[in-house]
Structures are given as structure tokens and as C-alpha cells.
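The values are calculated or read from the model by the stated rules, or taken from the named source; none is laboratory data. Keep in mind it's a predicted model, so treat the numbers as computed, not measured. No Cβ is skipped: glycine too gets one built from the backbone with ideal geometry, and neighbour counts run over all protein chains shown.
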Amino acid sequence: MALVLLVLTLAPAGRSQAAGANIVDPSVTYTYGVLTRDIRELAAKYPDIIEYKSIGKTLYGRDIWAVGLGTGSATVFFNGSHHAREWLTTTLNMQMIEQYAAAYAENRNFEGYDVRDILGKTKIWFVPMVNPDGVTLQQTGLQSFPASVHKALIAMNDGSRNFKRWKANAQGVDPNRQYDANWEELVNNYYYPHWMGHKGTAPMTARENKAMIAFTYEIDPEIAVSYHSAGRILYWNFRTPAANVARDKRLANIFTAFTGYSQVSPSYNSNGGGGYTDWFIQKLGRPAFTPEIGVKTGETNLPLSAFREEWRRNKKIGLWIAQEGYALWAEKNKTTVKPVSVFLDGKRIEYDLAAFNEEGATYVSYKPLLTSFGYKLKWESAAKSVTATGDYGKIRFTLGKKEAEINGKTVTLTAAPRLYEGVIYVPVRLISQATGATLTVYPDTGAVSIKSPVRVAPDPQPTVPNVPAEPSEPPVQEPPVEIPTPTEPGPEPSTPTQPEVPGEVQPPAAGSEGVVIPGTIVEPGA
Ligand SMILES: [Zn+2]
């Protein structure tokens with residue numbers, strides 16, 4: 001009885017039972033099964049920052065898993081095991097995921113890196129095992145494959161039943177000679193399915209490669225790192241355009257400083273191609289790296305004992321690349337600020353600056369704009385909302401939200417109000433939506449001209465005819481000719497049938513076609 005109890009106690013305690021125990025165990029042969037189980041356990045343990053999905057299936061039905069770590073808007077991409085026998089790179093990918101996730105959960109630094117900050121800005125995507133069929137064949141041999149294909153696999157393996165040197169996928173195609181980067185000119189190719197070196201009959205035809213390409217475009221990473229083994233070298237340049245060399249060389253130098261891996265000379269590597277890194281550099285024009293971990297040990301996988309030292313060399317790489325990726329992303333997405341002139345009825349409103357965002361919406365500081373129209377402003381810091389009230393009615397908008405409230409109605413703004421260097425900016429078109437003012441944006445200069453709406457509200461004095469455009473409020477210097485002017489007062493001038501809110505201007509009288517209705521946005525040349 002005592003013996004049975006002991007066995008029952010020991011059996012499930014093999015791993016990850018004690019609190020804080022690691023899920024990823026670098027001391028075991030990292031199989032597809034271990035990978036799948038560990039990904040699920042990590043996602044369950046760290047649901048706030050880890051997600052995973054299958055980006056495709058291999059011919060033999062194995063999932064090509066992608067794991068996302070972090071919540072940021074910028075993305076970077078790590079992958080491993082393009083080549084079957086190089087599966088210690090899968091362990092390396094998985095070790096990064098777990099170690100970074102644990103530091104995040106415990107809100108601690110990792111080797112001096114502020115993990116919460118970094119993963120809040122950048123999401124690191126991993127495909128730890130690009131080629132699970134090949135890895136499985138290399139690790140377990142024919143037994144994991146249907147008997148009907150054994151003969152073909154042995155033929156691809158030059159007649160051998162020992163698959164320890166296998167690099168290709170299980171169709172004998174090398175997944176890292178499949179990418180559409182100098183593929184046509186690739187030399188030293190086996191023209192038939194083979195354990196190594198066969199680039200396939202056309203680029204991007206292997207399932208593994210199709211999945212990687214589609215996923216890359218989906219996540220749009222700033223930097224990619226494709227781990228291989230072995231040799232402790234670093235590929236960083238593939239016919240890299242001159243304009244990008246300094247950017248990428250700087251990163252390569254830091255990579256080398258961390259890992260001690262020596263850089264492969266660009267002239268040597270320019271004869272290659274077909275690799276993920278080659279493709280990423282060529283097609284996306286962004287930095288990509290192929291580190292070859294470990295000391296060369298012949299035509300087989302690295303020994304498990306090699307992991308400890310390669311982890312030591314690479315443990316910061318994920319967080320450092322995430323940080324660099326964020327810098328590239330932020331540079332691309334930064335708001336270009338330039339001064340813009342805004343005229344209200346011909347008179348310039350004083351602005352220090354205005355920001356143009358990517359969509360071309362002109363942002364202006366909300367205060368001078370709204371006070372020019374007589375609004376009184378109230379900022380609610382908890383709600384991050386501004387309420388503006390005045391003769392034109394009421395506006396309520398919230399930072400980061402396109403939906404705003406104008407005179408009790410929900411409207412969608414052209415862009416969300418935002419904070420820039422401590423100042424709240426709104427899209428300038430807010431004012432035409434709120435008041436019916438006519439806006440003209442001059443794309444050449446960025447200047448914006450705002451024409452106040454003509455006041456058509458009836459005069460409160462019943463004895464005075466309903467004459468629009470009272471010069472006193474607001475000052476309309478030149479009553480625009482295109483605004484329909486009623487030629488005769490209404491039959492009952494004392495009845496205030498016109499809306500009090502000038503933004504809701506009477507539609508033009510019949511017969512006055514072609515008029516510009518206040519509130520219309522006129523963009524010359526747009
Ligand atoms: Zn490789």
C-alpha cells in the first residue's frame with residue numbers, strides 16, 4: 001500500500017507541480033508533443049500576456065504553433081527549427097517565452113530589462129518550431145510516420161534509416177531554401193527530395209513556408225530573428241540596400257556583443273538566398289538576423305548539454321530586440337508636427353502648432369478653436385473628457401474616442417481627440433460638425449479656413465423682421481454669398497420656428513441649387 005501511494009504521489013509530480021516550477025525543461029529532447037503541451041500550459045499560467053494559435057498544418061497534420069507574448073502595438077518575430085535537427089532553437093524560443101512571462105507576472109526586471117514596460121510596448125511573436133514534421137522525423141525516426149512513406153523517406157535519406165542528420169521537412173524540401181529571395185539562382189541544390197539542400201520545384205510552395213509568409217504579413221514585425229544551429233555565427237545582411245546597412249549593422253554589432261557570435265560577411269552571404277532572413281530583409285526592407293547557436297558538432301543536433309551556455313549568450317536577445325523593434329515602430333508612427341495657420345472668418349486664430357496624423361486629419365489644440373466660437377470649457381480628468389458649452393450648444397468629447405456627443409447626439413469624429421506633449425488636440429473638423437461652420441483645408445500649406453455659420457435664428461424681438469446674419473454675434477465680416485438669404489421675412493416673424501442652434505441651418509430655399517451648405521467640408525484639390 002505504501003508503495004502504491006508513493007507511486008501515485010511521484011507520478012504527477014514529474015514537473016511543474018510545485019509553485020513557481022518551470023514548465024519548459026531544457027534538459028529534455030524538445031519534441032513536438034512537449035512543445036504543444038508546454039505552449040498550452042504557459043498560456044493557461046499567463047493568460048494576460050500569452051496567446052497562441054496554429055498558423056498552419058503540415059502534411060502529416062502537425063500544427064505550426066505561434067505564441068504571442070506581450071500586449072504592445074509594435075511587434076517583433078522569433079522563430080526556430082526551420083531545420084529539423086536544429087530543434088535546440090525551439091527550446092531557446094520557449095525558454096525566452098517562459099522566463100520573460102514569469103518576470104512580467106512577478107513585475108521584476110530581467111537582466112536589467114524592464115519587462116512590463118517592454119512587453120507593454122511590443123508584442124513578441126514566436127514560432128518555436130517551424131518544421132515539426134522534420135523535427136519529429138529527426139528525433140524519432142520512421143516510427144512516427146505511416147509505413148506507406150517509409151521507403152520514400154529512406155530514399156531521401158540516401159538509403160539510411162538513421163535520420164539524425166535530417167534538415168528538411170518530411171517531403172524532403174528544405175524550408176529555409178524555399179523563400180522567394182534569390183531563389184531562382186540558388187546553387188548547390190539537390191534536384192530531388194533529400195534530407196538537405198532541396199529547394200523545391202518553386203518558391204513558397206511548402207506548407208511551412210506558406211504559413212510563415214502569411215503570418216509575417218499578418219503580424220507585420222519590425223525585426224525578425226530566425227534561430228538556427230550551429231557555428232556561433234550571425235547572418236545579418238542579404239544584399240541589404242545601402243540605405244539600411246548602418247541601421248542593421250548597429251543591431252548586428254549589439255547582437256555580437258551579447259552572444260559573441262561572429263558576423264558572416266555580406267559579400268559571402270550575397271550568393272545565398274532562399275532563407276527566411278534573406279526574404280525578410282529583401283521584401284520588407286527591415287532588419288533580420290540568423291544566429292547559428294552552438295559549436296559545430298557535425299551532421300546532427302546539438303547535444304542537450306549545449307543549451308546552458310547558448311541560453312546564457314542569448315537570454316537578453318528577446319527583450320533587447322523587442323525594445324529595438326519598438327523604437328523602429330515609434331519612429332514610423334510618430335506624429336509629424338508642423339505649424340498650421342487657422343483662420344476664422346478671415347482672422348487668424350493663434351496656434352503654436354498643429355499636428356497632422358497619418359490619415360491627413362488636421363489636429364488643432366482644442367482650446368483656442370473652441371473659445372473662438374464662444375464655448376466655455378470643462379475638463380474632467382477622471383473621464384478624460386472635455387465638455388464645451390456655448391451659444392452653439394454642447395460638445396462632449398473624450399481622449400482616444402472617435403465617438404463624441406454634439407447637442408445630445410452621438411457623432412463620429414474624423415479622428416479621435418488625443419494628447420500630444422501635454423496638450424489636447426482635436427480634429428479641426430469637429431468645429432464644423434458642432435456649429436455648421438464651413439471648413440476649407442488647403443493641402444499645399446496646411447492652412448485651414450473656417451467660416452462661421454450664418455445665424456438664422458429669429459430675432460427675439462417680435463416686431464423686428466427675421467433678418468439673418470446679425471453682424472454682432474458672431475462677427476461675420478463678409479456674409480458669404482452662397483448662403484441663401486431669405487428675401488422676405490416669414491409670415492409670422494414672432495414665432496421662433498427656426499432652431500436655436502445655428503449649426504442646424506435651414507436648408508436652402510428651393511431654386512437655389514448649387515449653394516454650399518454650411519458644414520460642408522471643401523478641400524480644394526483633394
Ligand atoms: Zn539551419
Return the pairs, sorted by first residue and then second, in which the second residue is within 13 Å of the ligand (Cβ to nearest atom) and at pLDDT below 95, the first residue lies in region 286-314 and is assigned by TED's automatic domain parsing to the domain that holds Gly80, the beta carbons are less than 7 Å apart, and the residues are 6+ apart or on different chains.
none
Quick check on region 262-273. Is at least one of its residues touching a Gly at 6+ places or on another chain (Cβ under 7 Å), modelled with pLDDT of 95 or more and in the same structural domain as Met204 (by TED's automatic domain parsing)?
no
Contact list, first residue from region 80-99 and within 22 Å of Ile50 (Cα to Cα), second anywhere and more than 12 Å from the ligand (Cβ to nearest atom) and basic (Lys, Arg), beta-carbon distance below 8 Å, six or more apart or interchain, is Gln95/Lys315; Met96/Lys315; Gln99/Lys315
Region 44-97, residues that are under 22 Å from Asn22 (Cβ atoms), of a type in the set (A, V, I, L, M) and more than 16 Å from the ligand (Cβ to nearest atom):
Ala44, Ile49, Ile50, Ala66, Val67, Leu69, Met94, Met96, Ile97
Total residues in region 202-234, condition among the polar types (S, T, N, Q), within 28 Å of Ala257 (Cβ to Cβ) and part of a loop (DSSP other than H, G, I, E, B)
0
Lone unmet requirement of (1) modelled with pLDDT under 95; (2) part of a helix (DSSP H, G or I) for Gly72:
(2)
Residue in region 184-205 that is within 16 Å of the ligand (Cβ to nearest atom), in the same structural domain as Gly70 (by TED's automatic domain parsing) and in contact with a Leu (Cβ under 7 Å, 6 or more places away or on another chain) present:
yes
For region 284-334 the number of residues that are in a loop (DSSP other than H, G, I, E, B) and away from the ligand (no atom under 16 Å from the Cβ) is 7
Across (1) modelled with pLDDT under 90; (2) of a type in the set (Gly, Ala, Ser); (3) part of a strand (DSSP E or B), Ala404 clears everything bar (1)
Selected residue (only one of Tyr276, Tyr217, Tyr268 is hydroxyl-bearing (Ser, Thr, Tyr) and either within 15 Å of the ligand (Cβ to nearest atom) or touching a Lys or Arg at 6+ places or on another chain (Cβ under 6 Å) (or both))
Tyr276
Test Glu359 against the criterion of being at pLDDT 95 or above, surrounded by fewer than 18 Cβ atoms within 10 Å (Cβ to Cβ) and more than 26 Å from Met96 (Cβ to Cβ), and give yes or no.
no
Near pairs, Cβ below 7 angstrom, 6+ apart or cross-chain, from region 397-417 (on the phi > 0 side of the Ramachandran plot) to any residue that is among the small types (Gly, Ala, Ser) and part of a loop (DSSP other than H, G, I, E, B)
Gly400/Ala416
